[in-house]
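Down below is the structure, laid out as structure tokens.
The values are calculated or read from the model by the stated rules, or taken from the named source; none is laboratory data. Here the structure is a predicted model, which means the values were calculated and not measured. Counting neighbours? That spans all protein chains shown, and the Cβs are built from the backbone with ideal geometry, glycine included. Accessible surface areas use protein heavy atoms only, side chains included; no ligands, DNA or RNA. Shrake-Rupley method; radii C 1.70, N 1.55, O 1.52, S 1.80 Å.
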Amino acid sequence: MEDEVDRLVAAWRRERPDLDVEPLEVLSRISRLARHLDRARRTAFAEHNLEPWEFDVLTALRRAGAPYQLSPGQLLTQTLVTSGTMTNRIDRLAVKGLVQRLPDPGDRRGVLVRLTTAGQDLADEALAGLLAHERLLLAELSGGQRGELAALLRQLVAPFDNLPE
């Protein structure tokens, strides 16, 4: 089965036979897959009237476990945004009744962001919808192939995820 990357690589090999274009065979496919995944995710989130950033914050809180709360700093670490952006996001989610700010009992100056019941329900529903969309993207692979691909991608991604900050 031929794909668009095969055609792209063949064209570069014809036009620039002096270059080793092998990296394109892997990384161009990853890039194209990322675009397909982004579309599938946006569709899944839209079905729940969520923006991707809303899903990120709600699910970070949901993954924290009961009582489903984190400090704004912990949310920053998990979502990779600036503190000003996070403040704005927390404000917008609070207006929607999906999170609430509480005083941090361990730090009188600090606050904790807690998922409301409505926020928890929405996070759970959106995650289930997302997983259904993502299963469709992986449908061509067997369980063994999915495991092998996950291991290979982990090997490729882990050095980036473990860079010192």
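Can residue 122 be described as open to solvent by less than 60 Å² (accessible area, probe 1.4 Å) and either free of Cβ contacts under 8 Å to residues at least 40 places away in the same chain or not in a helix (DSSP H, G or I) (or both)?
So residue 122 does not fit the description; no.
This table checks each residue for (1) in contact with a helix residue (DSSP H, G or I) (Cβ under 8 Å, 6 or more places away or on another chain); (2) under 19 Å from residue 44 (Cα atoms).
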position: 66; (1), (2): no, no
position: 71; (1), (2): no, no
position: 98; (1), (2): yes, yes
position: 101; (1), (2): yes, no
position: 107; (1), (2): no, no
position: 121; (1), (2): no, yes
position: 136; (1), (2): yes, yes
position: 154; (1), (2): no, no
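Looking at this structure, is residue 41 modelled with pLDDT under 95, of a type in the set (Lys, Arg) and in contact with a helix residue (DSSP H, G or I) (Cβ under 9 Å, 6 or more places away or on another chain)? Spelling it out, residue 41 is indeed modelled with pLDDT under 95, of a type in the set (Lys, Arg) and in contact with a helix residue (DSSP H, G or I) (Cβ under 9 Å, 6 or more places away or on another chain). A search for C-beta distances below 9 Å between a residue of region 144-165 that is open to solvent by less than 80 Å² (accessible area, probe 1.4 Å) and any residue that is not in a helix (DSSP H, G or I), counting only pairs 6+ apart in sequence or on different chains, returns 149/138; 149/141. Looking only at residues of region 63-86 that are open to solvent by less than 70 Å² (accessible area, probe 1.4 Å) and either in contact (Cβ under 8 Å) with a residue 60 or more places away in the chain or among the β-branched types (Val, Ile, Thr) (or both), we find that the one that is nearest to residue 119 (Cα to Cα) is 79. Checking each residue in region 87-100 for being farther than 16 Å from residue 117 by Cβ and either open to solvent by 30 Å² or more (accessible area, probe 1.4 Å) or in contact with a Gly (Cβ under 9 Å, 6 or more places away or on another chain) (or both) picks out 87, 88, 89, 91, 92, 95.
So, in region 125-143, of the ones that are without any contact (Cβ under 8 Å) to a residue 60 or more places away in the chain and among the aliphatic types (A, V, I, L, M), which residue ends up surrounded by the fewest Cβ atoms within 10 Å (Cβ to Cβ)? Applying the filter and picking the extreme gives 139.
Counting only residues that are hydrophobic (A, V, I, L, M, F, W, C), part of a loop (DSSP other than H, G, I, E, B) and at pLDDT 90 or above, region 80-105 holds 1 of them. Only a single item in (1) modelled with pLDDT under 90; (2) in contact with a strand residue (DSSP E or B) (Cβ under 8 Å, 6 or more places away or on another chain); (3) open to solvent by 60 Å² or more (accessible area, probe 1.4 Å); (4) not in a helix (DSSP H, G or I) is not met by residue 108, and it is number (2). The residues in region 34-58 that are open to solvent by 60 Å² or more (accessible area, probe 1.4 Å) and in contact (Cβ under 8 Å) with a residue 12 or more places away in the chain can be counted, and the count is 5.
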